[in-house]
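To start, the structure itself, in structure tokens.
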Amino acid sequence: MALLELKNLNKKFDISANSFFAKEEDKLHVVNDLSLSLEEAECLVLVGESGCGKSTLAKLVTRILDCDSGEIQFLGEDFLALKSSKLREKRKAMQMIFQNPFSSLDPRFKIFDSIAEPLRINKAQEGFPKNEAEIKDKVYELMSLVELDPVLATKFPHQCSGGQNQRVCIARAIASKPKLIIADEAVSALDVSVQWVVLKLMKKLKEELGISFLFITHDLAVVKFIADRVAVMYLGEIVEMASKDDLFKNPKHPYTRALLNAAPIPDPKIRDRERFFLEGEIPKANKIPAGCAFHTRCPERFEACSQEKPILKDLGDEAKVHCVSCLLYK
Ligand SMILES: Nc1ncnc2c1ncn2[C@@H]1O[C@H](COP(=O)(O)OP(=O)(O)O)[C@@H](O)[C@H]1O
Ligand SMILES: [Mg+2]
């Protein structure tokens with residue numbers, strides 16, 4: 001059984017001035033019939049250009065936003081049916097880490113208290129510290145787990161660096177004993193050298209604690225480092241999903257190929273070879289093209305692409321799962 005399963009999720013945003021008179025073109029269809037599943041101790045990376053709906057999807061999964069339709073199964077339960085106390089209980093198992101650690105932390109809290117807060121909320125519950133003395137031990141244990149110098153415990157967020165604060169956010173998330181961490185561009189705001197330290201830390205937590213990650217990024221170098229499996233998103237849909245190795249070695253969807261092609265190549269000998277870029281702009285989410293949503297920019301489009309909508313399906317190699325949504329593979 002999967003840890004998390006999303007089935008046919010949809011979300012539209014109404015951008016009309018008066019929702020009573022809203023027309024179809026006043027609605028941004030940001031998440032479009034999206035399905036995916038995540039196993040225990042797996043890192044699934046969701047990659048796609050800015051504006052394709054990644055953050056909205058994360059907010060639907062965590063129920064920060066309500067979806068218009070679809071199903072979410074988490075830990076074997078209908079997550080959308082959960083109410084108040086039951087929802088709070090299950091939400092502990094699903095923690096979120098955001099791009100900007102400064103805005104995720106309370107500026108009035110010392111680092112110690114930021115990490116202690118979830119422990120205090122869950123005090124004396126099964127598996128959590130029973131009193132302040134045990135909470136103190138646990139805070140320092142968590143700080144050591146995320147490789148934070150214990151002297152930082154008495155500092156405030158503004159006295160720490162971005163990388164240190166992001167580690168505080170990670171320690172806070174781990175304190176609730178999650179099964180799943182949803183990390184939305186969690187390293188994008190950090191300096192490149194610090195990015196790698198934080199990414200390594202998350203990989204370690206996945207391996208040592210068996211936590212699953214839904215990791216959202218637009219950065220292919222990050223995908224390469226952290227992913228077990230990759231889902232490529234375009235205009236609110238998943239267009240291709242495969243293991244990391246398979247996706248990088250054998251990309252199938254023309255959009256995935258374009259993404260991989262557009263990534264900077266560090267080797268100067270091949271940097272100047274002919275590079276391929278996509279034509280045109282990403283269509284607006286209130287005017288998603290008919291047929292395949294990507295056909296307006298696709299270098300391999302043919303007649304049927306503007307009429308027939310492809311569905312995400314497995315290519316049928318028995319040895320591996322590699323799903324693609326493209327009429328080339330019909
Ligand atoms: N609350 C909102 N109201 C209206 N439009 C929104 C809202 N949140 C996001 N959007 C729009 O939805 C689209 C997808 O946004 P987002 O999920 O943040 O994309 P990503 O994280 O992939 O960059 C964008 O066009 C964005 O402007
Ligand atoms: Mg985003």
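The values are calculated or read from the model by the stated rules, or taken from the named source; none is laboratory data. It should be emphasised that the depicted structure is a prediction, and the values quoted were computed from it without experimental measurement. Using ideal geometry, Cβ is built from the backbone for each residue, glycine included, and neighbour counts are taken over all protein chains shown.
The single condition from (1) out of contact with any Leu (no Cβ under 7 Å at 6 or more places or on another chain); (2) farther than 22 Å from Cys298 by Cβ that Ile216 fails is (1). Being among the small types (Gly, Ala, Ser) and in contact (Cβ under 8 Å) with a residue 40 or more places away in the chain, is that true of even one residue in region 74-83? Yes - at least one qualifying residue is present in region 74-83. Screening the candidates Leu190, Leu145 for the property of being away from ligand 2 (no atom under 16 Å from the Cβ), of a type in the set (A, V, I, L, M) and under 30 Å from Val47 (Cβ atoms) yields one hit, Leu145. Just wondering, is there one or more residues in region 126-146 that are away from ligand 1 (no atom under 16 Å from the Cβ), of a type in the set (Phe, Trp, Tyr) and surrounded by fewer than 19 Cβ atoms within 10 Å (Cβ to Cβ)? Yes: one or more hits.
Any residue in region 109-127 that is of a type in the set (Gly, Ala, Ser) and within 16 Å of ligand 2 (Cβ to nearest atom)? No, that holds for no residue.
Of everything in region 38-53 that is within 15 Å of ligand 1 (Cβ to nearest atom) and under 14 Å from Ala227 (Cβ atoms), the residue that is surrounded by the most Cβ atoms within 10 Å (Cβ to Cβ) is Leu46.
Within region 115-129, one or more residues are free of Cβ contacts under 8 Å to residues at least 12 places away in the same chain and among the charged types (D, E, K, R).
Determine whether Ser16 is within 16 Å of ligand 2 (Cβ to nearest atom), more than 17 Å from Val321 (Cβ to Cβ) and modelled with pLDDT under 95. Against the criterion (within 16 Å of ligand 2 (Cβ to nearest atom), more than 17 Å from Val321 (Cβ to Cβ) and modelled with pLDDT under 95), Ser16 does not qualify. Only residues that are in a strand (DSSP E or B) and of a type in the set (Gly, Ala, Ser) were counted in region 222-254, giving 3.
One residue stands out in region 99-121 among those that are modelled with pLDDT of 95 or more and assigned to a loop (DSSP other than H, G, I, E, B): the one that is nearest to Asp149 (Cα to Cα), namely Lys110. Step by step: first the residues of region 14-35, then only those that are within 15 Å of ligand 1 (Cβ to nearest atom) and crowded, with 16+ Cβ neighbours inside 10 Å, then the one that is nearest to Glu240 (Cα to Cα). Which residue is that? The residue in question is Leu34. Quick test for you: out of Ile115, Ile170, pick the one residue that is in contact with a strand residue (DSSP E or B) (Cβ under 8 Å, 6 or more places away or on another chain) and surrounded by 13 or more Cβ atoms within 10 Å (Cβ to Cβ). Sole residue among the options that is in contact with a strand residue (DSSP E or B) (Cβ under 8 Å, 6 or more places away or on another chain) and surrounded by 13 or more Cβ atoms within 10 Å (Cβ to Cβ): Ile170.
From Ile174, Ile170, Ile216, grab the single residue that is within 16 Å of ligand 2 (Cβ to nearest atom), at negative phi, modelled with pLDDT of 95 or more and not in a loop (DSSP other than H, G, I, E, B).
Step by step, each of Ile174, Ile170, Ile216 is checked, and only Ile216 is within 16 Å of ligand 2 (Cβ to nearest atom), at negative phi, modelled with pLDDT of 95 or more and not in a loop (DSSP other than H, G, I, E, B).
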